[in-house]
Amino acid sequence: MRLQRSTIVIGVAWLLFWSLLVSVAIEDYLRDGGTRLWQPVLWESSSMVTASFLLAIQRRFTRRYDYLLAAPWRWFGLQALFLPIYWVAFVPIAFGIRHAVYALAGASYEHEGWVATFVYESLKLSSFIGLFTVMVFGILSYQQLLEEKLRAEQASALLRQAHLQRLRQQMQPHFLFNALNTISSLMHTDLARADATLIELADVLRATLDVGELQVAPLATELRLVRGYARVMEERFAERVSIAWRIDDAALDCQVPVMSIQPLLENIFKHTVEKRRETVRIVISASRRDKLLVVTLDDDTGTLAPGAPPGVGLSNLRERMAALYGDSASLELSPLAPAGVSATMTVPCAS
């Protein structure tokens, strides 16, 4: 595909170049009082056919050295090796065509002596071939630059995908460990609740399987996973947590990173619910604002420790959001008055 594209571009440029020469030759011929327009057309066309034939030969033998485009002097030096072929072959072929056509028309083609003709045509042709070679170099270099950019973008995309996959795989055993720890603690106090929680965990794991290897999923799919996790944790911390859901239906089709809300909820349980005996009220809300999806998790008890490093879940989520959205997404933790912490995740939503 690359060779075909560059060949078409070079071919079109060559035709335009020779069309310009034919137009100039016709204008000069008419200015000198000529009446047979086929003659200037023949002169330039014979030159074009001959030069095209010789250029095709040159390109065929030099195409394999396009890797030298990064070293221009070597590439141009290789092209210059073909100049003697033009000097030797151009005049016999081009002037042979002219003599033949003139003879068929019952006329005689007159020109300077052969030595003067060889010298003049060789100098002129060297200039033309030199200019055209510079143009070819520019076209091929630009084509190569585009291909290198494409390869770099593809490599970057693969690296980004691998990075996201690693981060996501990091979260799955982290979540599973916490859920199994919850079930283990319940087994010593309430076997029925432990069994019910195990069923809830199975539903959560099914939800993770539904998203397969996806990095993003609709908010509706993500909420299925989060609600399952919330039910597991509500079983463990019965009467110590109350969760309210305020989800705007218009936001359900927005794409979010897979397992993005769950670590925010887990953070509340780990740093607030586990450390308190009173009921912690949590409000999980999601809404669309222009072309953004805003997901907020508020609790009415937690505190922010100044300078405390973020945990695995938050660090992981921030890395994934940066890889997926760059600067167009954000995750902020802020204190609430008189008490509590608000976690706000904002991601683009174009659906």
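Residue pairs whose Cβ atoms lie under 8 Å apart, sitting 6 or more positions apart in sequence or on different chains, and linking a residue in region 70-93 that is among the aromatic types (Phe, Trp, Tyr) to a partner that is outside any helix (DSSP H, G or I), do not occur here. Here the condition is being surrounded by fewer than 20 Cβ atoms within 10 Å (Cβ to Cβ), among the hydroxyl-bearing types (Ser, Thr, Tyr) and touching a residue at least 24 places away in the same chain (Cβ under 8 Å); of SER315, SER242, SER260, it holds for SER242 alone. Out of all the residues in region 246-254, is one or more under 30 Å from the mean Cα position of the chain (by Cα), free of Cβ contacts under 8 Å to residues at least 40 places away in the same chain, within 28 Å of GLU153 (Cα to Cα) and open to solvent by 10 Å² or more (accessible area, probe 1.4 Å)? Scanning region 246-254 turns up no residue that is under 30 Å from the mean Cα position of the chain (by Cα), free of Cβ contacts under 8 Å to residues at least 40 places away in the same chain, within 28 Å of GLU153 (Cα to Cα) and open to solvent by 10 Å² or more (accessible area, probe 1.4 Å).
This table checks each residue for (1) surrounded by 14 or more Cβ atoms within 10 Å (Cβ to Cβ); (2) at pLDDT 85 or above; (3) in a helix (DSSP H, G or I); (4) within 43 Å of the chain's Cα centre (by Cα).
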residue	(1), (2), (3), (4)
ILE26	yes, no, yes, no
THR35	no, no, no, no
LEU54	yes, yes, yes, yes
GLN58	yes, yes, yes, yes
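Listed by position, the strands (runs of 3 or more DSSP E) enclosed by region 208-305 that each have at least 3 residues that are at pLDDT 90 or above and not aromatic (Phe, Trp, Tyr) are 241-247, 280-289, 292-299. Once region 63-81 is narrowed to residues that are open to solvent by 100 Å² or more (accessible area, probe 1.4 Å) and of a type in the set (A, V, I, L, M, F, W, C), the residue that is farthest from ILE129 (Cα to Cα) is TRP73.
Look at LEU30 and say whether it is over 18 Å from GLU110 (Cβ atoms), open to solvent by 30 Å² or more (accessible area, probe 1.4 Å), among the aliphatic types (A, V, I, L, M) and within 46 Å of the chain's Cα centre (by Cα). It is false that LEU30 is over 18 Å from GLU110 (Cβ atoms), open to solvent by 30 Å² or more (accessible area, probe 1.4 Å), among the aliphatic types (A, V, I, L, M) and within 46 Å of the chain's Cα centre (by Cα).
Anything in region 306-325 that is hydrophobic (A, V, I, L, M, F, W, C) and part of a helix (DSSP H, G or I)? List them, or say none.
Taking region 306-325 as the starting set, the residues that turn out to be hydrophobic (A, V, I, L, M, F, W, C) are 308, 312, 314, 317, 321-324.
Within region 306-325, VAL312, LEU314, LEU317, MET321, ALA322, ALA323, LEU324 qualify.
The values are calculated or read from the model by the stated rules, or taken from the named source; none is laboratory data. What you see is a predicted model, and the numbers here were worked out from it, not measured in a lab. Neighbour counts run over all protein chains shown; Cβ positions are idealised from the backbone, glycine included. For accessibility, only protein heavy atoms count, side chains too; no ligands or nucleic acids. Shrake-Rupley method; radii C 1.70, N 1.55, O 1.52, S 1.80 Å.
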